[in-house]
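Report on one structure; see the data block that follows.
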Amino acid sequence: MIELPYLLKAENIARLEDDKLLIGDRRVYPFEKRFETCSDINEIANALKSMVTQGGGPLQVAMTSMLYIGKQMQKGHMNAGFATLVEAANLLIQARPTNTTMKRTLQAMLKTLEASDDFIVEIPKVVDSWQQYYDDIYHRMGKLGSTLIPEKATILTTCFAEHTFLLSLAYAKEEGKEIQALVPETRPYLQGSRLTAPSLEEMGIKATVITDGMGATFLSEGFIDLYLTAADLVCMDGTVVNKVGTLANALAAKQYQVPYYAFSISPDPTSLSKADIHMEWRDAKEVTQCMGRPTTLPTISGLYPAFDIIDSSLVSGIVTGKGLYKPEEIRKEFL
C-alpha cells in the first residue's frame, strides 16, 4: 500500500476551516508544520506569490480556492455573480504565471461552471471531479516512472518534484528495487533539502542532500544512474521548464550519458516553443540570504531567475498522463 508523505496529503496542502482557507506553509517545513491562514482571495493570491507553497501545491490551492469562493457566495460574503468567480481565478493565475497547469485547470472549471444552471451548487462536484482526475494521473505516472528505474539505482533530482517523482520511487521500492536519491539543496528556498529529502525519508527511501553545484561531479564519476525532475511547463516542441538548477544537471547528464526524464501532467498546447514562455524573475533578496539570514553584505545585489529552460535535445523522455513520449512526439500527442 503506497502512502503519501505528509506534504502531499491534500489536507496538508490546502483545506477549509470555518470562513478561512489554510495553506500548508512549505517555507518552514520540516522544522515547523504550520499553515498560512487566508481570509479572502487576495490573501490567497499573495500567499501563492510569496511561495507559501510550491511545485504542485498551487494547483491544489487553486482547486480548494474554488470551494472557498463557492461557500463565501452561499453565505452572502461575496457577490454571487459568475464574474466574481472569473476575477478570483484570474488573480490566482496571475500569482503564478509559469504554472500553466493551474491556469488551464481553472479555465476548464470556469467553462464547465458557466454552462451550469446554478454554478455555485455545482462547484463542489466540479472540484471533486478534477481532484480525482489528478489523483488518478499521479499514480498512473508514478507507476510509469517506476519502470524507468533500474533494479539498483542512484537517482538525481532537482527541487521538489511532488507526487509523480515520489510515487515513482515508492512504486520502484514496492517492486523490490534497490534505490537511493541524491537531492540538491535547491537554493534559495531549499526545497530539495527541506521538502524532497524529508519526504523520501518518511517513505523509507534513502536520500542524501548535496549542494546545487555537485550534480555534475557525481554524474561525471558514474555515481548516478538516472536524472528525474518535474516540469513546471512543457512546450509543444519538447522544451522543458523547471526550477533553476535543472539545466546544469541536464547538460551534465547529457555529457555523461545519463538518461534525463521530466514529469509533466499536461504539456501546454498554448506554448509552442520557448518563445512563448513567460519567465519569472523573483525577488533578488532571496539570493543574498538563506532561511532569513544574510549570506553577504547588504550592499551586494543578487539575481534570481526562478526557472531554467531546458532544450529538448537534453531530454530523454517526458512522462505524461497519457504515457511516455520523446520530446519530438509531444506536439503530435498534445496539440
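The values are calculated or read from the model by the stated rules, or taken from the named source; none is laboratory data. All values reported here derive from a predicted model rather than from experimental measurement. FYI the Cβ positions are ideal-geometry reconstructions off the backbone, even for glycines, and counts take in every protein chain you see.
Worth a mention:
- In the stretch 109-123, the residues that are surrounded by fewer than 14 Cβ atoms within 10 Å (Cβ to Cβ) and farther than 15 Å from Leu67 by Cα: Lys111, Glu114, Ala115, Asp117
- Any chance Ser301 is at pLDDT 95 or above, more than 27 Å from Leu219 (Cα to Cα) and not in a strand (DSSP E or B): yes
- Note on the stretch 284-321: residues that are surrounded by 15 or more Cβ atoms within 10 Å (Cβ to Cβ) and either closer than 18 Å to Asp232 by Cα or among the acidic types (Asp, Glu) (or both) amount to 17.
- Within the stretch 232-266, being within 30 Å of Ser50 (Cβ to Cβ), part of a loop (DSSP other than H, G, I, E, B) and modelled with pLDDT of 95 or more holds for Cys235, Thr239, Val244, Gly245.
- Selection from the stretch 274-294 of residues that are closer than 29 Å to Ile155 by Cβ and at pLDDT below 95: Lys274, Ile277, Met279, Glu280, Arg282, Glu286, Cys290, Met291
- Residue selection: Asn242 fails the criterion of being touching a Gly at 6+ places or on another chain (Cβ under 6 Å) and within 18 Å of Ser313 (Cα to Cα).
- Taking the stretch 12-23 as the range and being closer than 13 Å to Leu59 by Cα and free of Cβ contacts under 8 Å to residues at least 40 places away in the same chain as the test, only Ile23 passes.
- For the stretch 308-321, a residue qualifies if it is at pLDDT 95 or above and either under 18 Å from Arg140 (Cβ atoms) or out of contact with any helix residue (DSSP H, G or I) (no Cβ under 6 Å at 6 or more places or on another chain) (or both), and the qualifying residues are Asp311, Ser313, Ser316, Gly317, Ile318, Val319, Thr320.
- Check on Leu148, in a helix (DSSP H, G or I), in contact (Cβ under 8 Å) with a residue 24 or more places away in the chain and surrounded by fewer than 20 Cβ atoms within 10 Å (Cβ to Cβ): no
- Qualifying positions in the stretch 27-83 - touching a residue at least 60 places away in the same chain (Cβ under 8 Å), hydrophobic (A, V, I, L, M, F, W, C), crowded, with 20+ Cβ neighbours inside 10 Å and in contact with a Leu (Cβ under 8 Å, 6 or more places away or on another chain): Met66
- Qualifying residue in the stretch 189-199 (condition: over 30 Å from Thr296 (Cβ atoms), outside the structural domain of Pro58 (by TED's automatic domain parsing) and in contact (Cβ under 8 Å) with a residue 40 or more places away in the chain): yes
- Selection of the stretch 18-51 for residues being of a type in the set (D, E, K, R) and either part of a loop (DSSP other than H, G, I, E, B) or modelled with pLDDT under 95 (or both) yields Asp18, Asp19, Asp25, Arg26, Arg27, Glu32, Lys33, Arg34, Asp40, Lys49.
- Residues in the stretch 64-86 that are within 25 Å of the chain's Cα centre (by Cα) and either under 28 Å from Tyr304 (Cβ atoms) or among the hydroxyl-bearing types (Ser, Thr, Tyr) (or both): Thr64, Ser65, Tyr68.
- Selection count where residues are under 22 Å from Ala248 (Cα atoms) and either assigned to a helix (DSSP H, G or I) or in contact with a Ser or Thr (Cβ under 8 Å, 6 or more places away or on another chain) (or both), scope the stretch 167-210: 16
- Residue in the stretch 274-284 that is over 22 Å from the mean Cα position of the chain (by Cα) and of a type in the set (Lys, Arg) present: no
- Here Thr154 meets the list (1) on the phi < 0 side of the Ramachandran plot; (2) in contact with a helix residue (DSSP H, G or I) (Cβ under 6 Å, 6 or more places away or on another chain) almost entirely, failing just condition (2).
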